[in-house]
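The values are calculated or read from the model by the stated rules, or taken from the named source; none is laboratory data. Keep in mind that this is a model prediction, so the values were computed, not measured. Methodologically, a virtual Cβ is constructed for each residue, glycine included, from the backbone with ideal geometry; neighbour enumeration extends over all protein chains shown. Keep in mind that these areas ignore ligands, DNA and RNA; they rest on the heavy atoms of the full protein, side chains included. Shrake-Rupley method; radii C 1.70, N 1.55, O 1.52, S 1.80 Å.
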Amino acid sequence: MKVLYDYQAFDMQSHGGVTRCFAELYSHRPHQLDAEISVLETDNAYLQGLGFKKKGETYRNFLWPKDTKLKKLLYKISYNLRFGCYSKWDMTPNLNLYESIRRQRLQDYDIFHPTFFFSYFLEHIGDKPFVVTVHDMIPELYPNYFSENDAQIVHKKIIIPKAAHIIAVSEQTKKDLLRLMNVPEEKVTVIYHGADESPYIPSASGELDYEYILYVGERDLYKNFKSFCRSCIPVLKRHANLKIVCTGKPFADEEVAFFDSFGLGGRFVHKFAWTTQEMMDLYHYAVAFVYPSEYEGFGLPILESYKADCPVMLNRASCFPEIASDAAIYFNLNNGVSDFEEQFETLYHMSADERNALINRQRERLRLFSWEKSARDLADVYDKVLGVK
């Protein structure tokens, strides 16, 4: 059996849960499963880790090494005409899109698995079945943040009814999918994300000279970041050496003004984690990792925290209780009501035995999530679609 994955998510993300998921499933696939990802070059860190070429290498190796205006023009003409995009001969070619279409048209595969919801592939795969993964239903659940004409919403409505089978990354996502898309339940299989099984040893140089709560990822829309910050004000005032460390994009001017409005601007710190080691050290040395989001499809940072032996605090919402069970401290940060301060103080003042008990529950919970198991379960879905099992 041969599976073809396309380029979509890998062109959208250099890092992130969607591409991390597909890269891990690809690299952990069972030996009997043949698979290809139709990407020629990429900025995606996970694919580069698997040996895929960095973006720009095709151009650097085109005709001659030196970068000239003539080379750029010939490059654009050559690749756009080669792939039949005659109206785009003067534009930088979409190499990964072209490569995905080329491989789809070859029909040298049994199942197609798009990595996102752009429906371009429907006119190229012919009668080949396809499986689609739904990571969340956030655009549909939050119409106040997303237009009904949002591309993801529009293309989901086209793709999902035509899919041979659908993967949901949690029971919560499956429930939302069934309710919002009217999909037959037997057409959906839940396959959890896995945990990174590479060894982690804390680096002494990774410890900061202050205590901190760790916040990871995006900070807008349904992420509940501003409500979280407001809940932290009494905590920060009570603990003079405590700060909030945020990863992801640097703070915008509006965010800095928001922090300053509390008189606590210096207590919110942005940190770039350039390597996996640096990121894991940020988890390991934190007083707690806090996930205040209103909704997530799964929540990979929970597993990363578990691996780093970092106490986890979660908003009691969406899939979080499903993923973490009793291996977390829960707070309520919904509908303008918060008990975060109380729950944080409970965690902060835990005895060594109580903290160790929480960490041990987290370690036990982590053992339930394996990329190898996830990849086997996905292979079983492919077999089912093809009538092998």
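Observations on the model:
- Pairs where the first residue, in the range 254-278, is without any contact (Cβ under 8 Å) to a residue 60 or more places away in the chain and closer than 15 Å to I213 by Cα and the second is surrounded by 15 or more Cβ atoms within 10 Å (Cβ to Cβ) and charged (D, E, K, R), C-beta under 6 Å, 6+ apart: R267/K243; V269/K243
- Cβ pairs under 8 Å, 6+ apart, first in the range 72-93 and aliphatic (A, V, I, L, M), second in a helix (DSSP H, G or I) and open to solvent by less than 50 Å² (accessible area, probe 1.4 Å): M91/N80
- Every residue from the range 242-253 that is open to solvent by 50 Å² or more (accessible area, probe 1.4 Å) and either touching a residue at least 12 places away in the same chain (Cβ under 8 Å) or touching a strand residue (DSSP E or B) at 6+ places or on another chain (Cβ under 6 Å) (or both): K243, K249, P250
- Tally of residues being at pLDDT 95 or above and touching a strand residue (DSSP E or B) at 6+ places or on another chain (Cβ under 9 Å) across the range 193-207: 1
- Among the candidates E345, E294, E322, residue that is modelled with pLDDT of 95 or more and more than 18 Å from Q362 (Cβ to Cβ): E345
- Exclusive hit being surrounded by 17 or more Cβ atoms within 10 Å (Cβ to Cβ), touching a His at 6+ places or on another chain (Cβ under 8 Å) and under 30 Å from L180 (Cα atoms), set F118, F112: F118
- Count of the range 17-48 residues which are out of contact with any Phe, Trp or Tyr (no Cβ under 9 Å at 6 or more places or on another chain), under 20 Å from F116 (Cβ atoms) and free of Cβ contacts under 8 Å to residues at least 60 places away in the same chain: 2
- Within the range 92-108, tally of residues that are open to solvent by less than 100 Å² (accessible area, probe 1.4 Å) and either of a type in the set (A, V, I, L, M, F, W, C) or at positive phi (or both): 4
- Counting the residues of the range 305-327 that are in contact with a strand residue (DSSP E or B) (Cβ under 8 Å, 6 or more places away or on another chain) and open to solvent by 10 Å² or more (accessible area, probe 1.4 Å) gives 4.
- Selected residue (criterion: modelled with the lowest pLDDT) from residues of the range 258-282 that are open to solvent by 80 Å² or more (accessible area, probe 1.4 Å) and aromatic (F, W, Y): W274
- Neighbours by Cβ (under 8 Å, 6+ apart or cross-chain): first from the range 375-389, free of Cβ contacts under 8 Å to residues at least 24 places away in the same chain; second open to solvent by 50 Å² or more (accessible area, probe 1.4 Å) and outside any loop (DSSP other than H, G, I, E, B): K389/D380
- Strands (runs of 3 or more DSSP E) fully within the range 140-221 that include at least 1 residues being among the basic types (K, R) and open to solvent by 50 Å² or more (accessible area, probe 1.4 Å): none found.
- On the stretch given as the range 182-203, residues that are under 20 Å from P129 (Cα atoms) and in contact (Cβ under 8 Å) with a residue 12 or more places away in the chain total 6.
- Yes/no for V269 being assigned to a strand (DSSP E or B) and within 19 Å of N224 (Cβ to Cβ): no
- Filtered residue count, the range 99-113, keeping only those that are touching a helix residue (DSSP H, G or I) at 6+ places or on another chain (Cβ under 9 Å), not small (G, A, S) and not in a loop (DSSP other than H, G, I, E, B): 5
- Per the listing S351, S338, the residue uniquely among the polar types (S, T, N, Q) and modelled with pLDDT of 95 or more is S351.
- Among all positions in the range 223-241, there is no residue which is touching a Lys or Arg at 6+ places or on another chain (Cβ under 9 Å), open to solvent by less than 80 Å² (accessible area, probe 1.4 Å) and of a type in the set (V, I, T).
- Out of E148, E99, E57, sole residue that is within 30 Å of K384 (Cβ to Cβ) and of a type in the set (D, E, K, R): E99
- Residue match in the range 87-98 (condition: assigned to a loop (DSSP other than H, G, I, E, B), among the acidic types (D, E) and over 23 Å from V381 (Cβ atoms)): yes
- Extreme residue, nearest to D309 (Cα to Cα), among residues of the range 347-389 that are among the β-branched types (V, I, T) and either touching a Leu at 6+ places or on another chain (Cβ under 8 Å) or surrounded by 14 or more Cβ atoms within 10 Å (Cβ to Cβ) (or both): I359
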